[in-house]
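One structure below.
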Amino acid sequence: MKLWGGRFTKPTNQLVDEYTASINFDKKLAKYDIQGSIAHVKMLHACGIIPETDAELIAKGLKEVLRKIQSGEAELTEEHEDIHMNVEKLLIEEAGPVGGKLHTGRSRNDQVALDMRLYLREELVRIVQLLETVQQSLLQQAQANLDTVMPGYTHLQRAQPVLFGHHMMAYVFMFQRDAERLMDSFKRVNKSPLGAGALAGTTFPIDRQFVADQLNMEGFCENSLDAVSDRDFVVEFLSSASLISVHLSRLCEELVQWSSAEFSFIELDDAFSTGSSMMPQKKNPDVAELVRGKTGRVVGHLIGMLTTLKGLPLAYNKDMQEDKEGMFDTVDTLKGALALFAPMIESMQVKKENMYEAVRKDFSNATDLADYLVEKGMPFRDSHAVVGQVVLYCIHNDKYLLDLSLEEFKTFSESIGADIFDALTPENVVNARNVPGGTAKNRVEEQIQTALDVIGRTNQWIEQQEGIVQS
């Protein structure tokens, strides 16, 4: 007989058991389920609902159940549906009938919401840590490439030269926004729903704040209906995770392009590449490609969760069992990608000469010629037209701007002097962008310092939250 089976006259159909059981995936919540149960039973004693001896026996039994689950001694079965019922059944076997008092004043509805919040708050800290390691690897590449000039692109067409360090810093700040979104969401995850019961609260004189304090949570959910039906925190996490995955995917796309023979801007380390079973010469950027590919998986979990919630009336519905697998898989997928990414970026070889040669053989300094003419007094729209004619002349004569003689330049404008050759060198073109956030070397150095300061504050947050989730 199931623990809830008192009003039923026949056992559940085996197919129903198999279809509705969640123990195969929610066993991941065992530690958090028992953590919340110990806080709950302490509260039951503190409020005079159960005697101290019962509370101590239940708490001791719960710790032993956790030990057995973690060691593999305990059997978790579909017959008992989910982690909550399995833990309670094991507790009763361990502590005797007194274990049946554990569920006083609570429901699986508020219990599972608590478990998921405890799980997710811990994983948020881990993911922010991993993001920080990726940022550090990008910072290392930026610092090592403050003199590495590469083509910058718009529409995947060469546009203006930039420092490779500047390009790396774009992703540092991208991932910083990702970290800040996760850090901001922590306070919404870290609230206790326990005490909401099935939907309406409980008749027992419980102390919800006591439980929240025991679990280092920032108070409790104010409305019992909302407490058990809210999965906004899951959606918010999946949304943030999707953005992180998209940012990783964009960088992966560039790594795949840059490592091709057509670009040859970088070479990924052998440890983060694979070969072909047929073509012995191949070195494939499979890690970057797979991280890019798994972005669809993460975004899919977000869409799935939103679709599950969109038509649900208050309060709890069995549909909400679908909230876990996508969240668990997203956490595992994202942590795996981030853990791989940091050493892959750190070990990446940057082919500085190839990047510089690419900049020398394009027209990405054309804007600087236009700006040069503006400084000589020509309206920008006129200078734009003149430079367009210069570029067309170069194309017809198989030349680049720095291949032209001064006499050739002067056929387009007498304002052009000998100083044009210095103005159009890749290094000067880059360093001419000397505005905050620009690609000039000193501005990239400023960005690096800003990022180091911000990441330092992130590390302080990590240390603070680790104290909360581990105590």
Quiz item: How about the range 242-271: which of its residues are part of a helix (DSSP H, G or I) and over 19 Å from MET168 (Cα atoms)?
Solution: SER242, ASP270, ALA271
Self-check item: Residue satisfying condition, being of a type in the set (A, V, I, L, M) and more than 21 Å from HIS103 (Cα to Cα), within set LEU251, LEU215, LEU194
Solution: LEU251
Quiz prompt | Scan of the range 75-88 for residues that are under 15 Å from GLU64 (Cα atoms) and either modelled with pLDDT under 95 or touching a Cys at 6+ places or on another chain (Cβ under 8 Å) (or both), ordered by number | solution = GLU75, LEU76, ASN86
Quiz prompt | Matching option when the condition is assigned by TED's automatic domain parsing to the domain that holds PHE186 and more than 30 Å from GLY36 (Cβ to Cβ), among ARG433, ARG457 | solution = ARG457
Quiz item: part of a strand (DSSP E or B), under 21 Å from MET116 (Cα atoms) and at pLDDT 95 or above - does that describe any residue in the range 182-190?
Solution: no
Practice problem: Give the residue that is nearest to LYS31 (Cα to Cα), with candidates limited to residues of the range 203-241 that are of a type in the set (Asp, Glu) and not in a helix (DSSP H, G or I). | Solution: GLU218
Quiz item: within 24 Å of PRO151 (Cβ to Cβ), assigned to a helix (DSSP H, G or I), of a type in the set (A, V, I, L, M) and touching a helix residue (DSSP H, G or I) at 6+ places or on another chain (Cβ under 9 Å) - does that describe any residue in the range 295-308?
Solution: no
Practice problem: Name the residue, out of ILE92, ILE83, that is surrounded by fewer than 22 Cβ atoms within 10 Å (Cβ to Cβ) and in contact with a helix residue (DSSP H, G or I) (Cβ under 6 Å, 6 or more places away or on another chain). | Solution: ILE92
Exercise. Kindly check whether there is at least one residue in the range 267-287 that is surrounded by 20 or more Cβ atoms within 10 Å (Cβ to Cβ), within 25 Å of LEU29 (Cα to Cα) and either polar (S, T, N, Q) or out of contact with any strand residue (DSSP E or B) (no Cβ under 6 Å at 6 or more places or on another chain) (or both).
Key: no
Quiz item: Out of the range 81-138, which residues are in contact (Cβ under 8 Å) with a residue 24 or more places away in the chain and among the β-branched types (Val, Ile, Thr)?
Solution: ILE83, VAL87, VAL98, THR104, VAL112, VAL125, ILE127, VAL128, THR133, VAL134
Practice problem: Kindly indicate whether GLY201 is farther than 21 Å from SER249 by Cβ and crowded, with 24+ Cβ neighbours inside 10 Å. | Solution: no
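The values are calculated or read from the model by the stated rules, or taken from the named source; none is laboratory data. Fair warning: this is a prediction, and the values are worked out from it, not measured in the lab. Glycine also receives a Cβ, built like all others from the backbone with ideal geometry; neighbour counts cover every protein chain displayed.
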